[in-house]
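Worksheet: the structure to be examined is printed underneath.
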Amino acid sequence: MAYETIKLKKYSDVIEEYEAHATIIPGMLLALNSDNEVLAHNVSTGNAEKMFALEDELQGKGIDDDYTAGDKVQCWIAGRGDQVNALLRDEESAAIGDFLESDGEGRLKVYGADIPDSSFYIYPLQIVGVALEAVDLSTLPEGSESSAGGTYHNPRIRIRVV
């Protein structure tokens, strides 16, 4: 089922407005930079604040209308239990119950408990959420629609924030 909003279920409604550092797609996992701007979360498998770009409904825009650099972005700081219509990485395959983490480009990927060879890193805020639907993008042809809505380069997945 394709949803036309990013906030699917909210128990908290913490929304901040920040300037976009670069292009941002609604549903993207965001990070705050040292210039007090938001950008796509850019550390694959790293710690992540559960902050997502909302659609700019105040300007009459929907989830397929991107923000550009310099735009004011509506940012939702989702809390535990909130449900988000987030972006899933291209070619990813997620099952219901899979834990999801950042792919380093503002999208989510299935959590992989890889430990580096020479050292041990602890990222206590690495897992962003759990998949509430199965989405298989492993064989999705270019330009087609994913089962959760959104094109191949903008696939969506319903998640619960943990």
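Listing for the model above:
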{"item": "Spatially near lysine pairs across the chain, Cα under 16 Å, sequence gap of 8 or more or different chains", "result": "6"}
{"item": "Positive dipole terminus of the stretch 7-161, leading residue within Leu54, His21, Ala113 (C-beta point charges)", "result": "Ala113"}
{"item": "Cα-centre dipole for the chain with unit charges at Cβ (Lys and Arg positive, Asp and Glu negative), debye to 20", "result": "620"}
{"item": "Simple spin-label estimate for Lys72 and Ala95 in nanometres, 7 Å along Cα-Cβ", "result": "4.5"}
{"item": "The chain, relative contact order in percent, only Cα pairs under 8 angstrom and at least six apart counted", "result": "27"}
{"item": "Rounded if a/c under 1.5, otherwise prolate or oblate - the stretch 1-86, Cα gyration tensor axes", "result": "oblate"}
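Rule-based calculations on the coordinates, nothing more; no lab input. Since the model is a prediction, treat every value here as computed from it, not as a measurement. A quick note on method: Cβ atoms are made from the backbone with ideal geometry, for glycine too, and the neighbour counts reach across all protein chains shown.
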